[in-house]
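What follows is a single structure, written as structure tokens, with notes after it.
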Amino acid sequence: MTTLLINSPQSENHLTPPGHPEQVARYAAVQAGLKGLDLLHRDAPLAEDADILRAHPARYLAKVRAASPVAGWAQLDGDTYLSPGSVAAALHAVGGACAAVDAVLSGEVSNAFLAARPPGHHAESETAMGFCIFGTVSIAALRALNHHTLSRIAVVDFDVHHGNGTQDLLWNQPRALFCSSHQMPLYPGTGSASEIGAHGQILNVPLSEHTGSGPMREAYESLIFPRIAAWKPDLILISAGFDAHQADPLAGLDWQTEDYAWLTHRLCDLADSHCAGRVVSCLEGGYDLPALTASVNAHVGVLQERGR
Ligand SMILES: [Zn+2]
């Protein structure tokens, strides 16, 4: 068993208003996709403030904590809500991502998947948005760079929405390559190819609506994979959103379940070539529940197969 699954049971305490796509039922759908896989299980710990403070200023962390409601909902932006259990859920998602980095970098496991909500890739330095409160994958990346002192890491974001938060948090990080594929035009509106980061270390690959399997794979093969290979990362982190799936109600990229298996295999190939297979994958979006179950099964099934 060399693939670690970090579950955050606190995910079930992060409630959103009725009809909200980032719903609590997503967690059960993800768990259904993990059923039957041979994984080492662990629960997500609470994040250390020091890890969060690498990405967000203390005043933002204090603001989020202060906004936590006693009952009902508090709203951080037009579509980002806090229920009484949300801050703890977000803090466990971050703690889980950091624990996944620690386990992979210690050599205890070769790869890891974090099953936690809320997602994180839209959260900017001082702005919660797009269902996201803290920049979970960026915080994990900064822990790998600054606590574990890796030379270079790569973050790959295949969620259908641009990871504007990850881009914001890693914009000035010369040792962090950020590659994102996403539908454009679509929320949040950022992610054009001209956005390249302060050190030219950001690669945005916008895809038009109905870019199906073939052109998607071509874009990865011609743009994203060569860039990761040239970067020679010591660790690959994945923002694993499954809302590019054809069945997803929020977007229209028309990817198939098998595309997630293919993409995961190819990212594991790169990890095998450059960093002893080290991959940490964190759940982001995915709003059609059956497609989420199937896509998580495909993605984590490959991680398990490729774990050494
Ligand atoms: Zn998304």
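The numbers here are math on the coordinates, done by the rules we state, and not lab data. The structure displayed is predicted, hence computed values, not measured ones. Here Cβ is always computed from backbone atoms with ideal geometry, including for glycine, and neighbour counts include all displayed protein chains.
What the table shows:
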read-out	value
Positive-end residue, the chain charge dipole about Cα centroid, Cβ charges, pick of Pro226, Thr136, Ala55	Ala55
In order through region 231-237: 3J(HN,Hα) via Karplus (6.51 cos²θ - 1.76 cosθ + 1.60), integer Hz, x for Gly, Pro	6, 6, x, 8, 7, 10, 9
Rh by Kirkwood over Cα pairs, then Stokes-Einstein D for the chain at 1.002 mPa s and 20 °C, µm²/s	115 µm²/s
Computed FRET value (nearest 0.05) for Ala66 with His148, which takes r as the C-beta separation and R₀ as 22 Å	0.10
Label-to-label distance, nm, for residues given as Ser213 and Asp38 (7 Å Cα→Cβ offset)	2.7 nm
Environment charge at Arg266 (Cβ cut-off 10 Å; Lys +1, Arg +1, Asp -1, Glu -1)	-1
Extension gain, Glu108 back to Ala28 (0.36 nm per residue minus Cα-Cα distance, nm)	26.1 nm
DSSP beta bridges in the chain [antiparallel fraction, %, rounded to 5]	15 percent
Estimated 222 nm signal from helices in the chain, with DSSP H stretches of n ≥ 4 weighted -39500 (n - 2.57), rounded to 500	-11000 deg cm²/dmol
For region 202-208, Karplus couplings with θ = phi - 60° (6.51, -1.76, 1.60), whole Hz, Gly/Pro x	10, 10, 9, 10, x, 10, 7
Distant-in-sequence amide H partners of Leu237 (H built 1.01 Å from N, under 5 Å)	Ala154, Val155, Val156, Val280
Region 10-91: trypsin sites (Lys or Arg not before Pro) in DSSP loop, at most 13 other beta carbons within 10 Å	Lys35
Euclidean distance between Cα centres, region 92-131 to region 175-229, Å	21 Å
Chain lengthening between Ala198 and Asp272 when straightened (0.36 nm per residue, less Cα-Cα)	23.8 nm
For region 55-171, the spread of Cα positions along each principal axis, largest first, Å	43, 28, 26
